[in-house]
Amino acid sequence: MGAIDKAIDDILESYKKYGGINLDEAKMFPNRQSVIEVLNDIQALIFPGYRTAEEIDSATLRFVTGERVNRIISVLTREIKKALVFTVQDGNVEQSYCFSLAERTSVALIEEIPEIRRKVGLDVQAAFEGDPAAKSTEDVIVSYPGLEAIVVYRIAHFLSVSGVPVIPRIMSEYAHGKTGIDINPAAVIGEKFFIDHGTGVVIGESCNIGDNVKIYQGVTLGALSVKKELMNKKRHPTIGNNVTIYANATILGGETVIGENSVIGGNTWVTKAVPPGSLVTQN
């Protein structure tokens, strides 16, 4: 046996010994690359002509859109079905039921695209209005990492509240890796949300953020404790409408409420509720 054959046998033996192999037998975990490809297709539906290297015009727009919609439904249905089958505890669950549920969810997401586009359009406008460096809304669409993280969040959040396991987190962590912005898909975020610069922003699972909120790089909206038994509790803060949070501020705790129209200064540490209209600084 040659050295290469021996190495292959050793790798296969490690699969048996240590696990970590995703075989298409009984239960199979969703494929990360397929989920990312679907995510990119959905973003191309939201911003046609901006996110992919394709030439479209009014004559071809319907064809391109229809082709993309059908591809999204096909691939996303397959991956959602895998996620459902994998996470269901009852070994007798019928795969046909999981397929039906996955297909309905995929179609529901497509039906939600106009509403997602409406919300994203407000996010784009918030970035354009909130950043003096923004030359146009198109500039925001093609180059702002904060917007990309928000767009992915809005897609992943719809799937999360629809009860889809695993896949929303794959999407949000893909955006995290690209942008440096970590938004848990279960967080609740209102309209006209703007993340400026963005690197190092963390928004936790049980965060609730109102409308017209602006945050800068390095902001953490986190938990006071990361104990596993708190996983179903409100661990992260609530941010009211019209709040601005400057760079590297840290706001922690499920009972911490930042009142509307407040400003949280940079490098502050906040673990208690703040009344509406407050200005919080290091001092």
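The values are calculated or read from the model by the stated rules, or taken from the named source; none is laboratory data. Predicted model only: the values in this text are computed from it and were never measured. FYI the Cβ positions are ideal-geometry reconstructions off the backbone, even for glycines, and counts take in every protein chain you see. Protein only, heavy atoms only, side chains kept; ligands, DNA and RNA dropped before computing areas. Shrake-Rupley method; radii C 1.70, N 1.55, O 1.52, S 1.80 Å.
Only a single criterion out of (1) part of a loop (DSSP other than H, G, I, E, B); (2) of a type outside the set (D, E); (3) more than 19 Å from T271 (Cα to Cα); (4) in contact (Cβ under 8 Å) with a residue 24 or more places away in the chain is not satisfied by K234, namely (3).
The rows are residues; the columns are (1) open to solvent by 30 Å² or more (accessible area, probe 1.4 Å); (2) in contact with a strand residue (DSSP E or B) (Cβ under 7 Å, 6 or more places away or on another chain); (3) not in a helix (DSSP H, G or I).
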site	(1), (2), (3)
R169	yes, no, no
G177	yes, no, no
A186	yes, no, yes
K192	yes, no, yes
T199	yes, no, yes
S206	no, no, yes
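Of all residues in the stretch 46-68, those being out of contact with any Asp or Glu (no Cβ under 8 Å at 6 or more places or on another chain), surrounded by fewer than 17 Cβ atoms within 10 Å (Cβ to Cβ) and of a type outside the set (G, A, S) number 12. For the stretch 138-147, does any single residue satisfy the condition of being of a type in the set (A, V, I, L, M), free of Cβ contacts under 8 Å to residues at least 60 places away in the same chain, open to solvent by less than 50 Å² (accessible area, probe 1.4 Å) and not in a loop (DSSP other than H, G, I, E, B)? For the stretch 138-147, residues of a type in the set (A, V, I, L, M), free of Cβ contacts under 8 Å to residues at least 60 places away in the same chain, open to solvent by less than 50 Å² (accessible area, probe 1.4 Å) and not in a loop (DSSP other than H, G, I, E, B): present.
Cβ-Cβ distances below 8 Å connect the following pairs, each with a first residue in the stretch 173-198 that is within 11 Å of V213 (Cβ to Cβ) and modelled with pLDDT of 95 or more, a second residue that is open to solvent by less than 50 Å² (accessible area, probe 1.4 Å) and of a type in the set (D, E), and a separation of six or more residues or different chains: E191/D123; K192/D123; F193/D123; F194/D123; F194/D131.
Does T268 qualify as being of a type in the set (S, T, N, Q) and in contact with a Phe, Trp or Tyr (Cβ under 9 Å, 6 or more places away or on another chain)? It is true that T268 is of a type in the set (S, T, N, Q) and in contact with a Phe, Trp or Tyr (Cβ under 9 Å, 6 or more places away or on another chain).
Please verify whether I209 is touching a residue at least 40 places away in the same chain (Cβ under 8 Å) and in contact with a Leu (Cβ under 9 Å, 6 or more places away or on another chain), treating the condition exactly as stated. Criteria not met by I209. For S96, the conditions (1) of a type in the set (S, T, Y); (2) touching a Leu at 6+ places or on another chain (Cβ under 9 Å); (3) without any contact (Cβ under 8 Å) to a residue 24 or more places away in the chain are fulfilled apart from (2). On the given criteria, is V201 over 17 Å from K119 (Cα atoms) and β-branched (V, I, T)? Here the answer is yes, as V201 does meet what is asked.
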